[in-house]
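Enquirer: Attaching a single structure in structure tokens format; questions to follow.
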Amino acid sequence: MADSDRASGGDILVVPVDCANLALLQRLTIDLQATLARAATVASWDLSPQFAREAARGQYNSSMILAELFNRRSDPPTRILGVTDVDLFAPVLTYVFGEAQMHGPAAVVSTFRLRPELYGLDPDPEILSRRLLVESIHELGHTAGLTHCHTPGCAMIGSTYAEEIDLKGPGLCERCGDVVRAEFTKK
């Protein structure tokens, strides 16, 4: 792992997992820094998700990608956020926007079902960017030990459909924010 891919314990390393849109990832790091007040950088390496592809489904197993991200974590532990363009599923779910290790360092999110064009709409980079930020904060919240929240607007509200992502904010409610700040400042 290159020195540019190391971060302190509360920082976030965004890892491209076969994600071609580097501008989107750079914007994500800026938005994560602004929202979570933690340094965020894009890794200089990427990860091919092919090992996690299930041909019969035409999708990629998010749990397998998550395990690989965990195995590649740095020392000191950094929050690792894998970002991919492929369609993810979890073994018990048809699809997922992302998955995270509860109280762990790794999370993965996919842009696949966040894109408006998947739902017959025109491509919209602003909507995609906002949805990616919200889901990234959601999954990083799980790494801090947060479960789903019921406070209106909190990014930790669970989402089954893309439209539900649009109803929540990228920020966290006071309780969830306090937990994330405390967890991300632990060494």
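Enquirer: Just to confirm a number: summing +1 for Lys and Arg and -1 for Asp and Glu over residues other than L132 whose beta-carbon lies under 13 angstrom from that of L132, what do you get?
Expert: Around L132, the surrounding residues sum to -2.
Enquirer: Using the crude model of +1 on Lys and Arg Cβ and -1 on Asp and Glu Cβ, and no other charge, please compute the dipole size for the chain relative to its Cα centre, in debye to 20.
Expert: So the magnitude is around 500 debye.
Enquirer: Fully extended, how many nm does the chain gain between A39 and A23 (0.36 nm per residue separation, minus their Cα-Cα distance)?
Expert: Working it through step by step, the gained length comes to 4.0 nm.
Enquirer: Net charge near A162, counting Lys/Arg +1 and Asp/Glu -1 over other residues with Cβ under 10 Å of its Cβ?
Expert: Charge balance near A162 sits at -1.
Enquirer: Oh, and also: Quick one: if the Förster radius is 22 Å, what FRET efficiency do R53 and L118 give, using the C-beta to C-beta distance and rounding to 0.05?
Expert: Numbers: r = 19 Å, r/R0 = 0.86.
Calculated value: 0.70.
Enquirer: So what is the relative contact order of the chain, in percent, for Cα pairs below 8 Å that sit 6 or more residues apart?
Expert: That works out to 20 percent.
Enquirer: If I take the Cα coordinates of region 78-185 and project them onto the principal axes, what are the three extents in Å, biggest first?
Expert: Reported extents, whole Å, longest axis first: 41, 28, 24.
Enquirer: Could you work out how much longer the chain between F70 and I30 gets when fully extended? Use 0.36 nm per residue separation minus the Cα distance between them, nm to one decimal. Spell out each step's value before the answer.
Expert: Details: separation 40, 0.36 × 40 = 14.40 nm, distance 2.32 nm.
Length difference between fully extended and current span is 12.1 nm.
Each value in this text was obtained by applying a stated rule to the coordinates, not by laboratory testing. Computed from a predicted structure; not experimentally measured. Quick reminder, even Gly has a Cβ in these numbers, built from the backbone with ideal geometry, and neighbours come from all protein chains shown.
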